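Trainee: Please find one structure pasted underneath; my questions will follow.
The values are calculated or read from the model by the stated rules, or taken from the named source; none is laboratory data. Remember, it's a predicted structure, so these values are computed and weren't measured experimentally. All Cβ positions, even for glycine, are placed from backbone atoms using ideal geometry, and neighbour counts span all protein chains on display. When the accessible area is computed, the model is the full protein with side chains, heavy atoms only, and any ligands, DNA or RNA have been set aside. Shrake-Rupley method; radii C 1.70, N 1.55, O 1.52, S 1.80 Å.
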Amino acid sequence: MLLTTSVVVGAIAPPFGRLQSPPPDGNQFFESKIRPVLVAECYSCHSASSKPLMGGLRLDTKQGVLSGGVLGPSIVSGKPENSLILKALSWSDPKLQMPPKGKLSDSQIADFASWIKMGAPDPRVTNSGPKKLTGLTVEQGRKHWSFLPLQPVNAPTLKPNKWVHNDIDKYVLAKLTTVKLQPNSAASKVSLIRRAYFDLIGLPPTPEEIDAFIRDKSPSAYSRIIDKLLADSRYGERWARHWLDLARFAESHGYEQDYDRPNAFHYRDFLIEAFNSDIPYNTFVKWQLAGDEYEPDSPLALQATGFLAAGTHATQITKSQVEKERYDELDDMLSTSSSVFLGLTVGCARCH
């Protein structure tokens, strides 16, 4: 009985704590009639492994049943007709129907009624309390550091140190100092050039490039290597790959048929060009979400909108599945956009 946020929460409450000892056959009735249904129909949303715990209600422990959820008591001891859980299981209220994927059989509902009537015996023993609903208020959320506007900050003030060359070094050294560690010695020029090449273009430098870098004694030798690699077309190929992963890019539709997408490469090529031409990030985002609206005459902007359609797509569906598949695709667009551009998941919005 996957009690949704509205139902789940209020599920089972303190009255249990005042119940008298169950009749001798009560525990057996629970084990044979009630627990199997809870495991099969409820635990996926109402147990310690549920992420999130729907409605704040745990049904995998006796204590969870005793404490109930956010809607308050769902069982009135000895009175199934007054118990919220029976109302949900019987689907008598259009707004309170559990489990949402399908109504239990009449015999199963009758078993729950009998269980409540006999005092809801539950032999499960646990010392773990129910999970509590926790979170921030709207105002607290607005003050969370990740949602605050960027502000200028001053790098830590340190004593003169030859190891420090820029503000980033100051932050690193300040942290090392607090944990009483010393920075490593400088890497060799061979290590530096190899790291730069692998990081920026994904390929090692040639022996000739290594020798030339070692012979270059100027202070700007390393900076010139970085500039050279950033201007290399392979830089875009290397770093576009990471964004393709975020955008769930594939060159086929997925699912059983998994047909090829002959035009998928247009989006990949947009990303490579975007990195190599250093497109401003705000443009990079807008074009992927609505390039056809912002720049309808720009081929590159149109290519960028491939982001929205990069997810899986069912190619063989029945007429009754058309609407569901469309909403699945819209959900995929929304969830990917929010996680990629906002660093937040909004998957709950689909049902809530």
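Trainee: Suppose R0 equals 25 Å; then what is the FRET efficiency for ASN184 and THR157 from their Cβ-Cβ distance, rounded to the nearest 0.05?
Mentor: Rounded to the nearest 0.05, the efficiency is 0.65.
Trainee: Where the only charges are on Cβ atoms (+1 Lys, Arg; -1 Asp, Glu), what is the dipole of the chain about its Cα centre, to the nearest 20 debye?
Mentor: Approximately 1860 debye in magnitude.
Trainee: Further question on the same structure: For the chain, build the charge dipole from Cβ charges (+1 Lys, Arg; -1 Asp, Glu) around the Cα centre, then report which of LEU86, THR178, SER49 sits farthest towards its positive end.
Mentor: Of the candidates, THR178 comes out farthest on the positive side.
Trainee: Quick one: accessible area per residue over the chain, 1.4 Å probe, rounded to a whole number of Å²?
Mentor: Spelled out: the 1.4 Å probe surface of the chain, per residue, equals 62 Å².
Trainee: Could you tell me which residue out of VAL285, THR312, ALA349 lies farthest along the dipole of the stretch 273-352 toward its positive end? Charges go on the beta carbon: Lys and Arg +1, Asp and Glu -1, centred on the Cα centre.
Mentor: Positive-end residue among those listed: ALA349.
Trainee: Also: Quick check: convex hull of the Cα atoms in the stretch 150-297, volume per residue, rounded to a whole Å³?
Mentor: Normalising the Cα hull of the stretch 150-297 by residue number yields 218 Å³.
Trainee: Could you list the residues of the stretch 273-303 with an amide nitrogen less than 17 Å from a label point located 7 Å from the Cα of LEU150 in the Cα-to-C-beta direction?
Mentor: 278-286, by backbone N distance to the label point.
Trainee: What does the charge count around LYS117 come to, taking other residues whose C-beta lies under 14 Å from its C-beta (Lys +1, Arg +1, Asp -1, Glu -1)?
Mentor: -1
Trainee: Let me ask something else. Tell me the relative contact order for the chain as a rounded percent, counting alpha carbon contacts under 8 Å between residues six or more apart.
Mentor: 11 percent
Trainee: Give me the log10 of I(q) over I(0) for the stretch 265-324 at q = 0.23, 0.29 Å⁻¹, as the Debye formula computes it from C-alpha points; what are the numbers?
Mentor: -0.84, -1.18
Trainee: So, one more: Just the Cα atoms of the chain, one point each, no solvent: what log10 I(q)/I(0) does Debye give at q = 0.07, 0.15 Å⁻¹?
Mentor: Summing over Cα pairs of the chain leads to -0.58, -1.22.
Trainee: By how many nm would the segment from GLN140 to PHE341 lengthen if fully extended, with 0.36 nm per residue of separation less the alpha-carbon distance?
Mentor: Using 0.36 nm per residue and subtracting the Cα-Cα distance, I get 70.1 nm.
Trainee: Mind ranking 255-265, 298-308 by how tightly packed they are, going by the mean number of other C-beta atoms within 10 angstrom, highest first?
Mentor: Ranked from most to least packed, the peptides come out as 298-308, 255-265.
Trainee: Debye sum, Cα scatterers, the stretch 215-337, no solvent: what log₁₀ I/I(0) at q = 0.10, 0.23 1/Å?
Mentor: Normalising to I(0) and taking log10 leaves -0.41, -1.33.
Trainee: For the ranges 63-72, 234-243, 173-182, what's the packing order if you count other beta-carbon atoms within 10 Å of each residue, average per peptide, and put the highest first? All intermediate terms of the calculation are to be shown ahead of the outcome.
Mentor: On the way: 63-72: 21.5, 234-243: 17.6, 173-182: 11.3.
My ranking of the peptides, most packed first, is 63-72, 234-243, 173-182.
Trainee: Roll a 1.4 angstrom probe over the protein heavy atoms and tell me the percent of accessible area of the stretch 31-156 that is carbon or sulfur. Before the final figure, lay out the partial values.
Mentor: Details: 4150 of 7350 Å².
The nonpolar share, carbon plus sulfur, comes to 56 percent.
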